[in-house]
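Novice: What follows is a structure written as C-alpha cells; I'll ask about it next.
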Amino acid sequence: MEIKLHDKIFTPYIEQDVIARIVKRLTTEVANDLKGEIPLFVGILNGSFLFAADFIRNYKGDCEITFVKFASYEGTTSTGNVKQLLGINEDLKGRTVVVLEDIVDTGNTLAEIYKIFEDKGVKALKIVTLFYKPLTYKKSLNIDYIGIAIPNTFILGYGLDYDGLGRNIPSIYQLENPNKMKNIVLFGPPGAGKGTQASALKDEFDLIHISTGDVFRFNIKNNTELGQLAKTFMDKGDLVPDEVTINMLQSEVETHPEAKGFIFDGFPRTEDQAKALDLFLAEKGMRIDAMIALEADEDTLVARLLERGKTSGRVDDQDESKIRNRFNEYETKTAPLKAYYTNQNKYVGVNGIGEIAEITTRLSEEIIKL
Ligand code: AMP
C-alpha cells in the first residue's frame with residue numbers, strides 16, 4: 001500500500017525481511033574480517049540508528065558502539081560551510097573503527113567522515129553502508145562493505161526520512177514512480193494453467209512473460225549447454241538446481257530493460273529462488289507486487305497433464321509417475337512459497353477450475369488492483 005508523507009506519495013520497495021537478510025550478511029562479513037579485535041562501531045545519526053541497532057544485535061563478538069552526528073555550522077573562513085562531528089569522545093588511538101552508514105549517495109558525508117578520522121590515529125577505518133547508489137556516487141573513496149546497491153530513487157523508512165518523516169517505517173519505500181511496473185509471480189501446481197493464463201494476461205497488461213520451463217525447453221531444443229544440463233533434471237520431473245535457474249532468470253529479465261512489468265511463470269519454485277529474486281529486483285528498483293496463485297486439486301491436474309501429454313510432446317507430461325514426482329517437488333519445495341509471500345502480504349489465491357476465459361477474468365481483476 002502506498003503512503004503519503006508531506007506532499008508526496010511513496011510506494012513499498014524493500015520488505016523488512018529482505019533488509020534483515022542484508023543486515024545479517026553484512027554483520028557476518030564484518031565479524032569474519034575482524035576476528036580477535038574489539039571494534040568500535042560508529043553509527044552516523046540520524047539515519048543509521050535502526051540499521052546500527054540491528055547490525056549490533058546480530059554481531060556476536062565483543063564490540064563497542066557509539067553514535068555521532070554531523071552538525072553544519074557557518075564557518076568564518078572563506079570555505080563557508082564546515083562540518084563538525086558531535087559525539088566522539090572516545091580515544092581512538094589504535095582502535096579499529098567501523099562506521100555504520102545507512103546510505104551512501106553522492107559520497108559527500110563519506111568524504112567528511114574520512115577527513116575527520118584521518119588524524120585520530122586509528123588502526124583501521126572501515127566503512128559499512130546498508131544502501132549505496134552507484135549512479136550518484138561521485139567519489140573514489142573506498143566503501144568496505146555494501147549491503148545493497150540501488151538505483152537512483154529516493155527512499156525512506158528504516159531510519160531514513162523525507163523531511164523528518166518516515167524514519168519509523170520498518171521497511172523501505174520509494175518515491176512513487178509514475179511508470180510503476182507490475183511484477184507478478186503466477187503460481188500454482190503443475191498443470192494449473194499458468195502458461196495459458198500468462199499468455200492472455202501479458203497482452204492485456206503489456207507485460208513480459210518469462211516461463212522458466214519454456215526457456216529450459218528452448219535451450220534443450222537448441223541443444224545448448226544449459227539445455228543439456230537442465231534436461232536430465234526435467235525429464236525426471238525434478239527441479240533444476242537453484243543456481244542454474246536463478247542465473248538464467250536474471251539474464252532473461254536483463255534482456256528487457258524497457259519492460260512495463262513481468263509475469264514470472266514457474267519461478268520462483270524454491271525459497272532460495274524467491275529470496276534471490278527479491279534481492280535482484282531491489283537492485284533494479286523493482287519488486288514483486290503479488291503472487292497470484294491458481295488453486296486446483298492434484299487429481300484434476302494429473303488428468304489434465306496426461307491429456308496435454310498426448311499432444312504437447314513433453315516427456316514429463318506423458319508418464320503418471322513423473323507427473324506425480326513433479327507434484328511431490330511442488331509440495332515439498334514450492335508450496336512453502338505461499339507462506340513466504342503471505343508474510344509479505346502479497347499472496348492472492350484464485351480459483352483455477354473453470355473455463356479458461358473465466359479464470360483469465362478472475363486473474364485480471366486481481367492484477368488491476370495492484
Ligand atoms: P514447467 O514448464 O514450469 O512445468 O517446468 C518444467 C520443468 O522445468 C520443471 O519440472 C523443472 O524441471 C524445470 N523448471 C522450470 N522452472 C524451474 C525453476 N524455477 N526451478 C527449477 N526447475 C525449474
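The values are calculated or read from the model by the stated rules, or taken from the named source; none is laboratory data. In this text, all values refer to a predicted model and were calculated from it rather than measured experimentally. Please note: Cβ atoms are built from the backbone with ideal geometry, for glycine as well, and neighbour counts cover all protein chains shown. The accessibility values were calculated without ligands, DNA or RNA, using every heavy atom of the protein model including side chains. Shrake-Rupley method; radii C 1.70, N 1.55, O 1.52, S 1.80 Å.
Novice: Net charge near Arg217, counting Lys/Arg +1 and Asp/Glu -1 over other residues with Cβ under 13 Å of its Cβ?
Specialist: Values: positive: Lys221, Lys231, Arg314; negative: Asp214, Asp235, Asp265, Asp316, Asp317.
In short, -2.
Novice: Restricting to the chain, what percent of DSSP beta bridges are antiparallel, rounded to 5? Intermediate results must be reported in sequence, preceding the final value.
Specialist: Working: 17 of 57 bridges.
That works out to approximately 30 percent antiparallel.
Novice: Want the number for Ala303 to Phe280: 0.36 nm per residue separation, take away the alpha-carbon distance, what's left? Spell out each step's value before the answer.
Specialist: Numbers: separation 23, 0.36 × 23 = 8.28 nm, distance 3.66 nm.
4.6 nm is the gain from fully extending Ala303 to Phe280.
Novice: Separation of the stretch 141-215 and the stretch 341-370 by C-alpha centroid, Å?
Specialist: Measuring centre to centre over Cα atoms gives 18 Å.
Novice: Here's a follow-up. In nm, to one decimal, how far is the Thr106 label point from the Ala357 one, both placed 7 Å along Cα→Cβ?
Specialist: Once both label points are built, they end up 5.8 nm from each other.
Novice: Follow-up question, since we're still on this one. What length, rounded to one decimal in nm, is gained on full extension from Lys338 through to Lys180, with 0.36 nm per residue of separation minus their alpha-carbon distance?
Specialist: 54.4 nm
Novice: Specify which residue in the list Ile155, Tyr145, Gln84 is farthest towards the positive end of the charge dipole of the stretch 75-165, using unit charges on the beta carbon of Lys, Arg (+1) and Asp, Glu (-1), about the Cα centre.
Specialist: The Cα lying farthest towards the positive end belongs to Tyr145.
Novice: Leaving out ligands, DNA and RNA, what percent of the accessible area of the stretch 117-207 is carbon and sulfur, probe 1.4 Å?
Specialist: Its accessible area is 48 percent carbon and sulfur atoms.
Novice: Accessible area per residue, 1.4 Å probe, Å², for the chain: what's the number?
Specialist: Here the per-residue accessible area is 49 Å².
Novice: Please enumerate, by chain and number, the lysines with C-alpha under 27 Å from the C-alpha of Lys4, excluding those fewer than 8 residues away in the same chain.
Specialist: Lys133, Lys180, Lys182, Lys260, Lys284, Lys346, Lys369
Novice: For the stretch 218-318, give the percent of accessible area contributed by carbon and sulfur heavy atoms, probe 1.4 Å, rounded to a whole number.
Specialist: 50 percent
Novice: On to the next question. Ignoring everything except DSSP H segments at least 4 long, calculate the 222 nm mean residue ellipticity for the chain; use -39,500 (n - 2.57) per segment, divide by total residues, nearest 500.
Specialist: -12000 deg cm²/dmol
Novice: In nm², what is the average projected area of the convex hull enclosing the Cα atoms of the chain?
Specialist: 22.1 nm²
Novice: Let me ask something additional. Go through the stretch 87-120 and name the GluC sites (Glu not before Pro) that are in a DSSP coil and have 16 or fewer other Cβ atoms within 10 Å of their Cβ.
Specialist: Glu90
Novice: Could you list the trypsin sites (Lys or Arg not before Pro) in the stretch 156-230 that lie in coil according to DSSP, counting only those with at most 10 other Cβ atoms within 10 Å of their Cβ?
Specialist: Values: sites: Arg167, Lys180, Lys182, Lys194, Lys202, Arg217, Lys221; in loops: Arg167, Lys180.
The qualifying sites: there are none.
Novice: Still on this structure: Select from Gly349, Ile220, Asn108 the residue farthest towards the positive end of the dipole of the chain; place +1 on Cβ of Lys and Arg, -1 on Cβ of Asp and Glu, and compute about the Cα centre.
Specialist: The residue sitting farthest along the positive end of the dipole is Asn108.
Novice: For the stretch 100-193, give me the percentage of DSSP beta bridges that are antiparallel, rounded to the nearest 5 percent. Present the calculation step by step, with values, prior to reporting the outcome.
Specialist: On the way: 4 of 12 bridges.
The antiparallel fraction comes to roughly 35 percent.
Novice: For Gln84 and Thr311 in the same chain, what is the full-extension length gain: residue separation times 0.36 nm, less their Cα-Cα distance, in nm? Could the numbers behind the result be given before it?
Specialist: Values: separation 227, 0.36 × 227 = 81.72 nm, distance 7.40 nm.
Stretched out fully, the Gln84 to Thr311 stretch lengthens by 74.3 nm.
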